[in-house]
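Report on one structure; see the data block that follows.
Derivation of every value follows stated rules applied to the coordinates shown; laboratory data play no part. Remember, it's a predicted structure, so these values are computed and weren't measured experimentally. Using ideal geometry, Cβ is built from the backbone for each residue, glycine included, and neighbour counts are taken over all protein chains shown.
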Amino acid sequence: MTSTWISAVAVLALCAACSGEVEGHISGGDCTSSYEPVASAPTFSGLRAAMLAYSERGHVAALRTQARGVDVGAGDQDAVRVMDLLNRRGKRIVQVDVWRTEDGGWRAGVWNQCID
């Protein structure tokens, strides 16, 4: 019974994606990929505090670094870290790319890849 329900949900989600409208975004020939801002701060410690205060997808209890290096992210910024924002049970709420800004500050964002 549970697998049937999961299959039905998957089919509905696929149909929504095929119709061009998913979560309020309309895709098409003009779709563009972009970062959804999560946090920004002038220092990395300030960015960590801002990410811990992020609450749009749930309460963030901890942070975990997935990757560190040069351009390790998925998006169009030169991400220097990929981090997970975790709930109190240690489950990932969202994964973000972290990069330096031109003025020396820090930003974190979720890369939303447009798929035509």
Checklist outcome for this item: Applied in sequence order to the range 70-76, the curve 6.51 cos²θ - 1.76 cosθ + 1.60 (Karplus, θ = phi - 60°) yields integer Hz couplings, x standing for Gly and Pro, of 10, 6, 8, x, 9, x, 8
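Order of Glu56, Glu102 from fewest to most other C-beta atoms within 10 Å?
Working: Glu56 10, Glu102 5.
Placing the least packed residue first, the sequence is Glu102, Glu56.
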Checklist entry - For the range 32-112, what does the alpha-carbon gyration tensor say about shape, rounded, prolate or oblate, given a ≥ b ≥ c as the root eigenvalues, a/c under 1.5 as rounded, and a/b over b/c as prolate? => result prolate
Checklist entry - Taking a label point 7 Å from the Cα of Ser55 along the Cα→Cβ vector, which residues of the range 65-96 have an amide N closer than 20 Å to it? => result 85-95
Checklist entry - Which order do Thr32, Thr65 fall in if you start with the one that has the fewest other Cβ atoms within 10 Å? => result Thr32, Thr65
Next on the checklist: Between Arg88 and Thr65, what is the label-point separation in nm under the 7 Å Cα-to-beta-carbon projection?
Outcome noted: 2.8
Checklist entry - When only Cα pairs under 8 Å and 6 or more residues apart are kept, what is the percent relative contact order across the range 32-112? => result 34
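Would you mind working out the magnitude of the charge dipole of the range 32-112 relative to its Cα centre, with +1 at each Lys and Arg C-beta and -1 at each Asp and Glu C-beta, to the nearest 20 Debye?
That gives the range 32-112 a dipole magnitude of about 600 debye.
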